[in-house]
Amino acid sequence: MKLKDNAHLVAYYTGVLLVGLGTVLPDLRLWAFNNWTYYQGYIQIAVFAVALAAPIVLRRIFAASEISGKARLPFAAVGVIYTGIITTAFVVFHARLHFLGDGIVRLNLLARIDPALRKSDFGAYIIAKELYKLVESHVSDPADWTYHVLSYFGGAAFVAITLIFAARFFGRFYQRLLFTLIVTTAGSSLLFFGYVENYSIFAAMVLLTVLVCVEVTAGRLSRYYIIPALVITVALHFLGAALIPGAVHAFLYKSGLHERFNSAKRSVRYSLLGLLGLAMVVAFLNLYDLEYYLQFQFIPLIENRFTIANYTLFSMTHLADYANLLFMLFPGIIIAVAGILISKGSGLFTQPEFKSLLVTTAFCACAAFAFYPQLGMPRDWDLYPFFGIPLSVFGAYVIVVSGRKSDAGIVSASMAVILNLMVLSPRVGAQIDGGIAMAQMKYYGRLDPSKYMYIHKHLVDLSWRRNDAVALEELELMSKTLSPEKPFLDSGLRLKQQNEFDSAIAQFKKALTFNPMLTPAYYNAGSCYFATGRFDSARSYFEIADGWNPNNPEIINELGYACAGLGDYESAENYWKKLLLVAEGEVTGQLNLLDLYSFTGQRTKKTSFLEDVKLSPNLPGRVLKQFGDHYYSVGLMQDALITYRQSISRGLDSLSEQDVYAKFPALRQ
């Protein structure tokens, strides 16, 4: 048996062994490997029996030393059939439960939050919001329907893009097909099974950008195709910026600048790269200090006041999580590594396609390593398609190319597909079966106790719907065990209600010693500081709460009050303007802005604001009276009369009513 055959086979069985280890030892930190542990024993036996026997069966099927002959159907026809089959699978096995990622929150926020506030996924959210508006009055659950449709569409586009570029990359039918199968069964494909998040179309665009860069590097496509693909990808989600280095490399490859750089002395090249790296670090550090929101997006290099359970960039827990993430995003990575190790001298490393994929994947790997999963990496896995997709394309290319001359290559690629499915299929099932989903989420809670609070309420709701009294008791016990901060938080809330603000602050600070990302503790401590006139401390705590939980209307409103208390009226105005976008239909921001403009004597801004805001049936009498006062002051008596009449019908305090009657006595009738 050839070394090549042995290397791929050993890699494959290593992957199967790791999945088996995770299945029989489910409490270890092997969350990418233990997904079968939640299924019944006979299913586990059947899965592992098939996995163990697959290489033997495949070798017998592909016994010839060289694959020859034409396929019975053209690749285009096979592609159409495959796209139809896999898209049908997306729909049939769509997610019924949305515990992974922020799915439940997304469903609740889609109708409320203005796209302008979506810092991370502005473009993707606009698409979701517009589709939601189109179907809002036509379906019973428009938010769920919107995300499902976008998920299916993104998946179909993902498959189609893979097929198109597979035909450009490879000349042989089986190479095209195997490349497609490897890429479309990798871990990121879970996003297309009715997954509720703004990542499905983003994932398809990440794939398109990566493949366009490969084609440009290979000289088969104009370099200018990179620009629109990259711009759209970054607009959909800011994590698409991780593709910029790879895109720049592809754009400049074989250009005059690239040739001059290569012809320069090694010391000059290294100096230029060092200066570029230093400039990037300085720019990042300057941005890092601007706001807490950005700081909380990255894992700290060393422990700081917000570090949870010693989770730093090079901690063993994070390294273990990252290893799990690699395998979950692309289980076939083990076989790809074997392919690289045995490809020395084969010319693989000199191919422009290999270079392009290596650069893109390497930069994305670094970005993924530093990015902070606030819900815990097992749940927040969906943040990483910007890395998982280049990784799976790179791995698929290596596997197919390294085995292109023998049946062993087909077997190796087929084994990568089996590993992919071995990890993907139980994850699909966990989004459908409530019992499996609950068991999985409880395990995630035990892995990262500080993150358990984000899922507890959802597990309780599911247990109530299932009438599972035993599960409810278990969840109550888990909450006490995994959330030691909760008694201090509850004590602080009671003391706050009793106006014992200093004692409440002490309790909130104790809660934060157990969980430094406990947003309610920051918010309520800020409220206590505000109530006692310590506006500077209040602002600091509100800013931290806003960093952990951006776009929360209550936090943004309180930030405005704290800034106003400090005399920083410009910041207060900005926060209340933001509140208008966050809390669509609410009037708190409008009232605060009107009061602010009146208090500070900004008559021009007040007039402009009143003219811009349309009369709404949701506005209370007090706000309508403000509009009436404006119309009265500029001499628009008819408009003032109509507005005052509406304000009275919606309720005014006695002093406001008397003021209106003094101006228009006829309204007393």
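Here are a few things to note about the model shown:
- Top-ranked residue in segment 47-65 [being under 37 Å from the mean Cα position of the chain (by Cα) and surrounded by 12 or more Cβ atoms within 10 Å (Cβ to Cβ); ranked as nearest to Gly435 (Cα to Cα)]: Val47
- Within the option set Leu191, Leu221, being of a type outside the set (Asp, Glu) and in contact (Cβ under 8 Å) with a residue 40 or more places away in the chain holds for one residue only, Leu191.
- Ser608 being at pLDDT below 80 and either among the polar types (S, T, N, Q) or not in a helix (DSSP H, G or I) (or both): yes
- Among the residues of segment 653-665, the one identified as in contact with a helix residue (DSSP H, G or I) (Cβ under 9 Å, 6 or more places away or on another chain) and either modelled with pLDDT under 80 or open to solvent by 80 Å² or more (accessible area, probe 1.4 Å) (or both) is Asp653.
- Subset of segment 491-546 that is farther than 26 Å from Thr481 by Cβ and in contact (Cβ under 8 Å) with a residue 40 or more places away in the chain - its residue that is surrounded by the fewest Cβ atoms within 10 Å (Cβ to Cβ): Glu543
- Checked against (1) of a type outside the set (S, T, N, Q); (2) in contact with a helix residue (DSSP H, G or I) (Cβ under 7 Å, 6 or more places away or on another chain); (3) open to solvent by 80 Å² or more (accessible area, probe 1.4 Å); (4) without any contact (Cβ under 8 Å) to a residue 60 or more places away in the chain, Lys265 passes all but a single condition, namely (2).
- Where Trp145 falls short, out of the listed (1) over 26 Å from the mean Cα position of the chain (by Cα); (2) open to solvent by 10 Å² or more (accessible area, probe 1.4 Å); (3) among the aromatic types (Phe, Trp, Tyr): (1)
- Any hit, segment 343-364, residues being in contact with a helix residue (DSSP H, G or I) (Cβ under 6 Å, 6 or more places away or on another chain), at pLDDT 90 or above, under 29 Å from Ala309 (Cα atoms) and open to solvent by 20 Å² or more (accessible area, probe 1.4 Å): yes
- Contact annotation: residue pairs with Cβ atoms under 8 Å, 6 or more positions apart or on different chains, pairing a residue in segment 632-646 that is over 16 Å from Ala662 (Cα atoms) with a partner that is among the β-branched types (Val, Ile, Thr) and in a helix (DSSP H, G or I), are Val634/Thr607.
- Given (1) within 27 Å of Arg465 (Cα to Cα); (2) in contact (Cβ under 8 Å) with a residue 24 or more places away in the chain; (3) in a loop (DSSP other than H, G, I, E, B), index of the condition Ser120 fails: (1)
The values are calculated or read from the model by the stated rules, or taken from the named source; none is laboratory data. Values in this document were obtained by computation on a predicted structure and should not be read as measured data. No Cβ is skipped: glycine too gets one built from the backbone with ideal geometry, and neighbour counts run over all protein chains shown. All accessible areas refer to the heavy atoms of the entire protein, side chains included, with ligands and DNA or RNA removed. Shrake-Rupley method; radii C 1.70, N 1.55, O 1.52, S 1.80 Å.
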